[in-house]
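Colleague: Here you go, one structure.
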Amino acid sequence: METFMKTGFKVYLFFAVTLVAISCGGEDDSMPVMVETSGEVLLDENPALGVAIDTLSNRIQGAGDFSLAIESHKDAFAIDAVSGIISVNNPLIFDFETNPLITAVISYQLNGENREFELRVRLENKDDILHFLTTSQGLYELAAAGEWIKVTEVEYETLAENLVEIAACGTTKEQYDQSFPDLPDELHQGSFTIANNNGATIPEGAYLFAFKYSFNPHVTKINIDDSQLKISTDAIDQGYEDFGPPLPLHTFDDAFFLLKGNDNPIAREGFLGMYKDTYVWTNSQLITEEYYYGTGNVTELDGFVRNQKSFKYQGLATTVKQWD
């Protein structure tokens, strides 16, 4: 597993050669030497900025004046003109799911001649979630597959911004981030299963892997231990089944969660719902939105409210599995 502190990588070299005639002093005593014209390096994805990938002066003795002529991905590499050390210039490009192969053509001088070397960097797949976690790395490594762990708000947002093909479900980012008055009378007491009907669905074939929600800080119940996510691929008002185990014990200021090792994408577009017991709900002021609800932890939601509000919860899902 790799982290932001990773500087090492595994390398295997594959190369092609060409013959270069170098004079040794006599009229007919030139001898051919083998000069590499291409090579390949295996590199763990998500390397740190500045990590050295290869050193061309070691490959080609006597070469110098190195420069980047062509890059398959603009600004991926940096190169030292003297040593030929080629390094990571933009770490975000080195993502296995989007760019498994990154190449560059390097120009250089050898014996007064302009020559070129093609470098192929083939990325190895790693657990992207582990890479982007900081505070919660230890919890994640110890957790079993299918187990929820608590993460920080910063970690949740980092995953939302850096993993690929992310869809926010339950509420979009814009909906969730809307400001609204923190009103005590918005407290909903009772045991309900709810689902927002606002267009923020789970895409077909997506893996749900993270969740956050907001609730009224005026509640008297400090430790919350009865939260359960639910998904329906049938309809907004029916067919809800539990998704994963209940969320871990938490309070109103740390309701950010990560599910380890989800290997089960949903078969069809789905709706994200949530069951909660008393003392927790607060609404956000979302225009022309609505939600469905049912009393208790249920599969059918027979209540319907169109009051320009939706409950403030959000899941993260992706159609590209980026974890072990």
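The values are calculated or read from the model by the stated rules, or taken from the named source; none is laboratory data. Since the model is a prediction, treat every value here as computed from it, not as a measurement. All Cβ positions, glycine included, derive from the backbone under ideal geometry; neighbour counts span all protein chains shown.
Colleague: Could you pull out the residue among 21, 52, 76 that is at pLDDT below 95 and in the same structural domain as residue 119 (by TED's automatic domain parsing)? Step through it out loud before you land on a result.
Modeller: Values: 52 fails: at pLDDT below 95; 76 fails: at pLDDT below 95.
After ruling out the rest, the residue left standing is 21.
Colleague: OK, next. Within region 123-140, which residues are surrounded by 13 or more Cβ atoms within 10 Å (Cβ to Cβ), part of a helix (DSSP H, G or I) and not aromatic (Phe, Trp, Tyr)?
Modeller: 128, 129, 130, 131, 137, 139
Colleague: Do you know which residues across region 166-176 are crowded, with 16+ Cβ neighbours inside 10 Å and either more than 19 Å from residue 229 (Cα to Cα) or not assigned by TED's automatic domain parsing to the domain that holds residue 133 (or both)?
Modeller: Matches in region 166-176: 175 only.
Colleague: Would you pick out the residues in region 79-122 that are of a type in the set (S, T, N, Q), crowded, with 16+ Cβ neighbours inside 10 Å and assigned to a loop (DSSP other than H, G, I, E, B)? Walk me through how you get there before you give the answer.
Modeller: Residues of region 79-122 that are of a type in the set (S, T, N, Q), as a first pass: 83, 87, 89-90, 98-99, 103, 107, 109, 111, 114.
When the remaining residues are screened for being crowded, with 16+ Cβ neighbours inside 10 Å, the result is 87, 89, 99, 103.
Of everything in region 79-122, those that are of a type in the set (S, T, N, Q), crowded, with 16+ Cβ neighbours inside 10 Å and assigned to a loop (DSSP other than H, G, I, E, B) turn out to be 89, 99.
Colleague: What is the residue count in region 45-71 for residues that are part of a strand (DSSP E or B) and surrounded by fewer than 20 Cβ atoms within 10 Å (Cβ to Cβ)?
Modeller: 9
Colleague: Turning to a different aspect of this structure: Are any of the residues in region 143-156 over 30 Å from residue 213 (Cα atoms), of a type in the set (S, T, N, Q) and under 16 Å from the mean Cα position of the chain (by Cα)? Full working, then the answer.
Modeller: Quick first cut of region 143-156, residues over 30 Å from residue 213 (Cα atoms) only: none.
No, because not a single residue in region 143-156 is over 30 Å from residue 213 (Cα atoms), of a type in the set (S, T, N, Q) and under 16 Å from the mean Cα position of the chain (by Cα).
Colleague: Among the listed residues 293, 279, identify the single one that is modelled with pLDDT under 95 and part of a strand (DSSP E or B).
Modeller: From the options 293, 279, the qualifying one is 293.
Colleague: Residues of region 303-324 being in a loop (DSSP other than H, G, I, E, B) and in contact with an Asp or Glu (Cβ under 7 Å, 6 or more places away or on another chain), which ones?
Modeller: Scanning region 303-324 gives 306, 308, 309, 319, 320, 322, 323, 324.
Colleague: Filter region 226-250 down to residues that are under 14 Å from residue 277 (Cα atoms) and among the acidic types (Asp, Glu), then give me how many there are.
Modeller: Residues in region 226-250 being under 14 Å from residue 277 (Cα atoms) and among the acidic types (Asp, Glu): 1 in total.
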